[in-house]
Amino acid sequence: MAARRLLVLFGSQTGTAQDTAERIGREAKRRHLQCTVEALDSYDVANLISELLVVFVCATTGQGDPPDNMKLFWRFLFRKNLPSGALCRLDYAVLGLGDSSYPKFNFIAKKLHKRVLQLGGNPLLPVALGDDQHDLGPDAVIDPWLVALWDKILMLYPLPPGLEVISPDVRLPPKYTLHYVAEDSPQPNGILLQPTAPRAAPSELCPFAALVVSNQRLTAQSHFQDVRLIEFDVTGSGITYSAGDVVMVQPQNCPEDVQQFCQLLRLDPDRRFVLKPTEPGTALPALLPQPCSIRHLVTHYLDISCVPRRSFFQLLSCFSTSELEREKLQEFSSAQGQEELYSYCNRPRRSTLEVMWDFPHTTCAIPPEYLLDLIPRIRPRAFSIASSMLAHPDRIQILMAVVQYKTWLSKPRRGLCSTWLASLHPEQGDVRVPLWVKKGGLKFPSDPDTPIIMIGPGTGVAPFRAAIQERVAQGRRGNCLFFGCRQESKDFYCQAEWEELVAKGFLTLFTAFSRDQEEKVYVQHRILENRRLVWELLSSRNAHVYLAGNAKQMPAAVAEALQSVLQLEGGLSPSEAEEYLAALERSRRFQSETWS
């Protein structure tokens, strides 16, 4: 009989695809399958030809891009020299996670499914396309698809004689066991950072401890939004970057939340432990020192401020000693209870820590070794770099809006990373932030004579500040910026800087202050007003166009304005204008980076 082995490979940017992959892994274990769950780029892709059963779970990011932890796999899979029957032994299924408000909805899952099919793979099911926009989120698609998947898999790999599917009420063993160490054992070196020159370029596994040099509020105190310009010193890190690149920051939980969490679970924050994998071959969490203190685990690793997913409630219900709490947790983790879970958790953005407060009897019964199964790790946050090394050697600057908003919960919701960074001040002494740099999605032209049109409302202007600084340092003119915000007096970021560059002839600036007059004016209106210049730059001077900012309505409105320019000034028909813009995108003369 064929080995009952399942491989689950995921490409995840925000953690949802990883959470879904781990759910499939747990369900596989309940069906007595040997199962490995791994990020696509951690897996040796050369072994794929010998695999018999694989489930791919992958998200689509940005403008139809693969997540960071599957980029190497993606490049390998689309190599021209792969033979068409390379994967003829493979039974596979693809589950995609996306957002239908983006034009390239689930593009990566669709393309992956098609490519594996081309290489001879045998699909068990049609590709599943989970959608964040659905009232019940991606689970509306995932739940029925998984039922069909297990039916198919159990037909191919029936349960061994005498074995039944393990009931969801039975608790599976934790991924790691936790062993407390004696008080007098040697202390670890603490946080895994490199304040001195590293051996290799800083990365997620080895971030650089950058000194916070300045933290300046750019918006007026009376303005509803707090936007900061924060500068880090990266001297000795070996970090280099270009305009368009991104800095990744590893945030941490605030001491008050850490203290509350430890009190709720009756944990001694100073107690130290080592982790041991339950199953041989399971790697230990790379970002945790061994031994590690409870305080370090909760401060730097467990994401207690995130909105918990359905899997959290499922596992939590297994620990409940209170019948009332257990019933509610089981309801939240059932397919029928998803609307109620959405109303309780997602709509008001209730955090993991707040949920634990609501289920006190269950929370204090959580065995510490299950914490790493229950709560995901804190993910790094990405910021467009807003400075150039040519203008600011050994420095990285970011433009950051502090995330804070109200829901019907009494306490305002705050972004973990932006709140933490905003609280750091150089006058407090040696304040350091773990960070590293990665290539961004925007690439600026190398030809010094190519003009650039940049459309960056709000903090979308960050990568363009880097590009302008870089180009000005190289003596390049032909920089045209469309900037939009609410009010000139309150949130016109870097106003003096832009005005100085305009006076020196390095910058052409068009501003749209949406609330400074009765009629709202946005960047798309300014593009239309200046259509002759935009058309001249595009048609006669081979200009490149860049767009960055919020992904809601702005990108579509800007695309519409650009098409109107092509029709009114270039004399193109609507369909020709659409094709012209699509051709600019294909040739990378129109690039965008948007976020939700």
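The values are calculated or read from the model by the stated rules, or taken from the named source; none is laboratory data. Just so we're clear, the structure is a prediction, and the values are computed from it rather than from any experiment. Counting neighbours? That spans all protein chains shown, and the Cβs are built from the backbone with ideal geometry, glycine included. Quick note on the areas: whole protein, heavy atoms, side chains included, nothing else; ligands and nucleic acids left out. Shrake-Rupley method; radii C 1.70, N 1.55, O 1.52, S 1.80 Å.
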If you wrap a convex hull around the Cα atoms of segment 89-163, how much volume per residue is inside, in Å³? 81 Å³
Take the alpha-carbon centre of segment 489-554, take the same for segment 218-281, and report the distance between them in whole Å. 34 Å
Which value, to two decimals, describes the C-alpha radius of gyration of the chain once divided by 2.2 N^0.38 Å? 1.04
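At a threshold of 8 angstrom on Cα-Cα distance, excluding pairs fewer than six apart, so keeping six or more, what relative contact order does segment 1-43 reach in percent?
Computed value for segment 1-43: 51 percent relative contact order.
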23 Å Cα cut-off, lysine pairs counted over segment 1-127 (separation 8 or more, or different chains): 9
What 222 nm value per residue comes from the helices of the chain, counting each DSSP H run with n ≥ 4 as -39,500 (n - 2.57) and dividing by all residues, nearest 500 deg cm²/dmol? -9000 deg cm²/dmol
About its Cα centre, what dipole magnitude does segment 1-53 give when the only charges are +1 on Lys and Arg Cβ and -1 on Asp and Glu Cβ, stated in debye to the nearest 20? 420 debye
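Within segment 374-516, how many Lys pairs sit with Cα atoms under 27 Å apart, leaving out pairs fewer than 8 places apart on the same chain?
4
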7 Å from Cα along Cα→Cβ at both Glu340 and Val181: what's the point-to-point distance in nm? 4.5 nm
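Quick check: convex hull of the Cα atoms in segment 517-580, volume per residue, rounded to a whole Å³?
Convex hull of Cα atoms, per residue: 101 Å³.
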Starting from the residue with the highest accessible area, list Lys439, Lys490 in decreasing order, probe 1.4 Å. Lys439, Lys490
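Find, among the chymotrypsin sites (Phe, Trp or Tyr not before Pro) in segment 560-596, those assigned to loop by DSSP (not H, G, I, E, B) with at most 13 other beta-carbon atoms within 10 angstrom.
Of the chymotrypsin sites (Phe, Trp or Tyr not before Pro), not one in the loops of segment 560-596 has a Cβ with at most 13 other Cβ atoms within 10 Å.
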I'd like the distance between the alpha-carbon centres of segment 438-466 and segment 1-73, rounded to an integer number of Å. 35 Å
Cα convex hull volume per residue for segment 489-557, in Å³, equals 127 Å³
How many percent of Cα pairs in segment 440-596 exceed 20 Å? 47 percent
Solvent-accessible area of Cys58, probe 1.4 Å, all protein chains present, reported in Å² to the nearest ten, please. 0 Å²
How far is the Cα center of segment 104-135 from the Cα center of segment 285-310, in Å? 33 Å
Compactness summary of segment 417-461: radius of gyration and Dmax from Cα atoms, Å, are 16.9, 45
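Remind me, relative contact order of the chain in percent, using alpha carbon pairs under 8 angstrom and six or more residues apart?
Normalised by residue count, the contact order of the chain is 12 percent.
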Could you report segment 274-346's accessible area per residue, 1.4 Å probe, as an integer in Å²? 45 Å²
Distribution output for segment 1-111: share of Cα-Cα pairs per 5 Å bin in percent, first bin at 0, values 2, 12, 22, 24, 19, 13, 6, 2, 0, 0
Where the accessible area of the chain is counted over protein heavy atoms with a 1.4 Å probe, how much of it, in %, is carbon and sulfur? 52 percent
Any aspartates and glutamates with Cα under 13 Å of the Lys276 Cα? List them, leaving off those in the same chain fewer than 8 positions away. Glu369
Segment 221-278: Rg/Rh from Cα coordinates, Kirkwood Rh? 1.14
Aspartates and glutamates near Lys152 by alpha-carbon distance under 13 Å, same-chain residues fewer than 8 away left out - which ones? Asp91
